[in-house]
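The values are calculated or read from the model by the stated rules, or taken from the named source; none is laboratory data. A quick note: this is a predicted structure, and the numbers were derived from the prediction, not measured. Using ideal geometry, Cβ is built from the backbone for each residue, glycine included, and neighbour counts are taken over all protein chains shown. Ligands, DNA and RNA are stripped out before the accessible areas are found, and what is left, the full protein with its side chains, is counted by its heavy atoms. Shrake-Rupley method; radii C 1.70, N 1.55, O 1.52, S 1.80 Å.
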Amino acid sequence: MNPIPYGRQHITDEDIQAVVETLCSDYLTQGPKITEFEKAFASYVGSKYAVAVANGTAALHLCAMALNVQPGQKVITTPITFAASANCVRYCGGEVVFSDIDPDTYLLDIQKIRSLLEASPKGTYAGIIPVDFAGRAVNLEEYRKLADEYGMWIIEDVCHAPGGFFTDSKGTKQLCGNGNYADLAIFSFHPVKHIACGEGGMITTNDEALYKRLLKLRTHGIVKDDTQYRNSIEFAGGVDTYPLWYMEMQDLGYNYRLTDFQAALGISQLKRAEEGLEKRRSIAQRYHEAFAGKDFILSQSGVIQGHAYHLYIIEVKDRLGLYNYLREQKIFAQIHYIPCHLMPYYSEQGWKEGDLPCAEQYYKGCISLPMYPTLNDEQMAYVIDSIKKFTILNGY
Ligand SMILES: Cc1ncc(COP(=O)(O)O)c(C=O)c1O
């Protein structure tokens, strides 16, 4: 049996062909494939606009900038996420306030956020960054109500959940990142994610003003549009119109562009997104059935409608033992995540053990099992049998 990682990309001949064709074209960066990818992605998630960027972290940073996060402003997020969900606030000098998770869903507990908000004057918190952790969709309708009550914005971190959805109070399916409730949503195209570009990211929104601002910030704050220029035609060196070479840097932006050949890979991958999602759901079903009612498994991701299954997580009694045993069997399970608030960077800002007990308890037992569309039946059976063998060997 070849080593089995917890996640991996799936690259087909069509993907390779798409990249090669773009490499042979006139554009390597910011060419027609970017716009094509943005349109296809917006249509996939059901948003009005999409902005392709270099990676998910860049997407978060641009969102925090577009929403004007200021030094000292407080923003709420979950401790059970990749650090980038929180770090984007710090890039802008804001303060990250971690709130505890719901031990059943592993997502932020909205009641705890409400308590946090009620304990301070309105205006204390600028925004919330809920994460569709592991692929489980956050109910953003509830978050929108809360955010409106307290005048806050929402950035939905959808890195784990493209294609995921929740059902709103009217019974309508709401796709993650569709922009109906969050101001902005972000995605990552890292190889372990549903759609792989190598590195890559996307921001989706239904807000035209934010969309335009993101386009500008993605490329150094530069605009090339004579309806938006601040300097005069004369200053620019023109007579009746701005000369064609003219452009203006109006804000402090970055180079967070995606290349055209990465976009070509993204377009090709996106065509198989639903197929991959179906496969992920069938793997989840198989794990769920294999572990249901087993004493050793304290909790598991389960079979949840709208879950996009970036990860399938089980909580177990002897996590270290199981992790090491699986490694010996060449099964490379992973831990998602060490709580962000206990990372030295954040604990040096005052966060300590005991602050967020549900997240800390979850961390003690969580382990992510292999979950990717090309995981075949034989490999899945091997993973399940190895876990069962471990429990028997250890008397569970
Ligand atoms: C929840 C979450 N947010 C943000 C990111 C950052 O994305 P990237 O690695 O593309 O910068 C990741 C990537 O692992 C993630 O899992």
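In table form, for the structure just shown:
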{"item": "Vicinal HN-Hα couplings computed from phi for segment 34-46 (Karplus, 6.51 cos²θ - 1.76 cosθ + 1.60; Hz; Gly/Pro x)", "result": "4, 4, 5, 5, 4, 5, 5, 5, 4, 5, 5, 8, x"}
{"item": "Cα pair distances of the chain binned at 20 Å [whole percent]", "result": "27, 55, 17, 2, 0"}
{"item": "Ellipsoid equivalent to segment 212-346 - semi-axes via the Cα gyration tensor, in Å", "result": "53, 20, 13"}
{"item": "Positive-end residue, segment 196-283 charge dipole about Cα centroid, Cβ charges, pick of VAL239, THR204, HIS220", "result": "THR204"}
{"item": "List MET1, MET202, MET65, ordered by accessible area with a 1.4 Å probe, largest first", "result": "MET1, MET65, MET202"}
{"item": "Cα-based Kirkwood hydrodynamic radius, segment 95-159, one decimal, Å", "result": "12.1"}
{"item": "Euclidean distance of C-alpha centroids, segment 11-62 and segment 77-154, integer Å", "result": "29"}
{"item": "Percent accessible area from carbon and sulfur atoms, the chain, protein chains only, probe 1.4 Å", "result": "52"}
{"item": "Accessible area in square angstrom per residue, segment 302-396, 1.4 angstrom probe", "result": "46"}
{"item": "Magnitude of the charge dipole, segment 28-134, Cβ model with Lys/Arg +1 and Asp/Glu -1, debye to 20", "result": "360"}
{"item": "The chain: relative contact order as a whole-number percent, Cα under 8 Å and 6+ apart", "result": "22"}
{"item": "Sparsely packed trypsin sites (Lys or Arg not before Pro) within segment 68-169, loop by DSSP, other Cβ within 10 Å at most 15", "result": "LYS122"}
{"item": "Anchor LYS279: aspartates and glutamates whose Cα lies under 13 Å away (excluding residues fewer than 8 positions away in-chain)", "result": "ASP377"}
{"item": "Antiparallel bridges, percent of DSSP beta bridges restricted to the chain (to nearest 5)", "result": "60"}
{"item": "In degrees, nearest ten, helix 260-270 long axis to first principal axis of the chain (Cα)", "result": "50"}
{"item": "Value of D in µm² per second that Stokes-Einstein yields for segment 220-299, Kirkwood Rh from Cα pairs, at 20 °C (1.002 mPa s)", "result": "118"}
{"item": "Members of LYS48/LYS271; LYS317/LYS389; LYS170/LYS271; LYS317/LYS388 lying beyond 23 Å, as alpha-carbon distances in this model show", "result": "LYS170/LYS271"}
